[in-house]
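**Student:** For reference, the structure I am asking about is given below.
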Amino acid sequence: MKDTGIASQLNTLGGANTYRFKSFKQRADEIEINVSRRIVRDFDEPEEHGSYFAEGVKKWNELNCTKDYTDFLRRVTKYQQSLAQVLYHKDDIVCALEEYMSMEHELVVEAMLDLVTTLARDLQDEILPYYERL
């Protein structure tokens, strides 16, 4: 009597048991994690030459009018007009974010954390060297 079900397709050794034991280490080694592929892309795309960072700055312009945020804004406005500028000036933007995140003003830190996530969406894999600083 030959088995013609799905189990016979899974079992390539000819036996009845389709389960093959793997140690935890073997199963863990088979897992592939790539954080840049797991970004959820469910909200609006930026304008044609825009960036998520520029849209985040625009959003926080309306929500945050503190002196510290406006100082940050003056510092990064020249770098956020297009995605190409954000990519080229990523060092300067990260330095500014790092400096203003160290402030103890709650409203500034909230805005900076949100802008870090939008910058990460623009930079994708290029954010990794800056990860520990931020």
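The values are calculated or read from the model by the stated rules, or taken from the named source; none is laboratory data. In this text, all values refer to a predicted model and were calculated from it rather than measured experimentally. SASA here: full protein model, heavy atoms, side chains in, ligands and nucleic acids out. Shrake-Rupley method; radii C 1.70, N 1.55, O 1.52, S 1.80 Å.
For (1) aliphatic (A, V, I, L, M); (2) at pLDDT 65 or above; (3) within 30 Å of L119 (Cα to Cα), each residue gets a yes or a no:
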position	(1), (2), (3)
S8	no, no, no
Y19	no, yes, no
R37	no, no, yes
V40	yes, no, yes
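**Student:** Shifting gears a bit: Would it be correct to say that V57 is of a type in the set (A, V, I, L, M), open to solvent by less than 60 Å² (accessible area, probe 1.4 Å), more than 21 Å from E132 (Cα to Cα) and in a helix (DSSP H, G or I)?
**Tutor:** yes
**Student:** If I filter the stretch 89-100 for residues that are open to solvent by less than 40 Å² (accessible area, probe 1.4 Å), at pLDDT below 90, of a type in the set (A, V, I, L, M, F, W, C) and under 15 Å from the mean Cα position of the chain (by Cα), do I get at least one hit?
**Tutor:** Among the residues of the stretch 89-100, not one is open to solvent by less than 40 Å² (accessible area, probe 1.4 Å), at pLDDT below 90, of a type in the set (A, V, I, L, M, F, W, C) and under 15 Å from the mean Cα position of the chain (by Cα), which makes the answer no.
**Student:** Right, here's the next one. Going residue by residue through the stretch 66-74, is there one that turns out to be more than 20 Å from the chain's Cα centre (by Cα), β-branched (V, I, T) and assigned to a helix (DSSP H, G or I)?
**Tutor:** Checked against the condition, which is being more than 20 Å from the chain's Cα centre (by Cα), β-branched (V, I, T) and assigned to a helix (DSSP H, G or I), the stretch 66-74 yields at least one hit.
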